[in-house]
Amino acid sequence: RGALSAVRLLGRRRAVESVSGPERLQGEWWSTSPYARDYYRVRLQQVGELWLYRDAQQGTFYVQGLFD
C-alpha cells in the first residue's frame, strides 16, 4: 500500500497536502456485524480538511465528514 496522494471528491481529483492517522475503530469480534475502520484526517488542495475512513475489510475509503 502506498501513501494517499489524491482523493476523488465530487467527481474531481484533489491532491492531498497532508495526512494524519490512522486511528482504528473496531467492533466486538463476537458481534453479528463486526467492523474495523481506520480514520484519517486529510487536508485536500482547494477543499480543506476531511475526515476519511478506510474500511479494513473492503479497503475502500469513505468521507465521514468535513472540518471547519
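A compact table of results
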{"quantity": "Whole-percent pair-distance distribution, where bins are 5 Å wide, for the alpha carbons of the chain", "calculated": "4, 16, 26, 24, 14, 8, 5, 3, 0"}
{"quantity": "In Å², nearest 10: area of Val63 left accessible to a 1.4 Å probe", "calculated": "70 Å²"}
{"quantity": "Within a Gaussian network of the chain (alpha carbon springs, distance under 10 Å), most fluctuating of Arg54, Arg41, Arg14", "calculated": "Arg14"}
{"quantity": "The range 47-57 - phi-based ³J(HN,Hα) in whole Hz, Karplus 6.51/-1.76/1.60, Gly and Pro as x", "calculated": "10, x, 9, 10, 10, 10, 10, 10, 6, 5, 7"}
{"quantity": "Glu28 accessible area, 1.4 Å probe, all protein chains in place, Å² to nearest 10", "calculated": "90 Å²"}
{"quantity": "Point-charge dipole on Cβ atoms (K/R +1, D/E -1) for the chain, about Cα centre, debye to 20", "calculated": "340 debye"}
{"quantity": "Solvent-accessible area of Asp55 with every protein chain in place, 1.4 Å probe, in Å² to the nearest 10", "calculated": "30 Å²"}
{"quantity": "Accessible area, probe 1.4 Å, largest first, for residues Trp51, Trp30", "calculated": "Trp30, Trp51"}
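The values are calculated or read from the model by the stated rules, or taken from the named source; none is laboratory data. Model, not experiment: these values are computed from the prediction. We place every Cβ from the backbone using ideal geometry, glycine too, and count neighbours over all the protein chains shown. Ligands, DNA and RNA are excluded from the accessible area calculation, which covers all protein heavy atoms including side chains. Shrake-Rupley method; radii C 1.70, N 1.55, O 1.52, S 1.80 Å.
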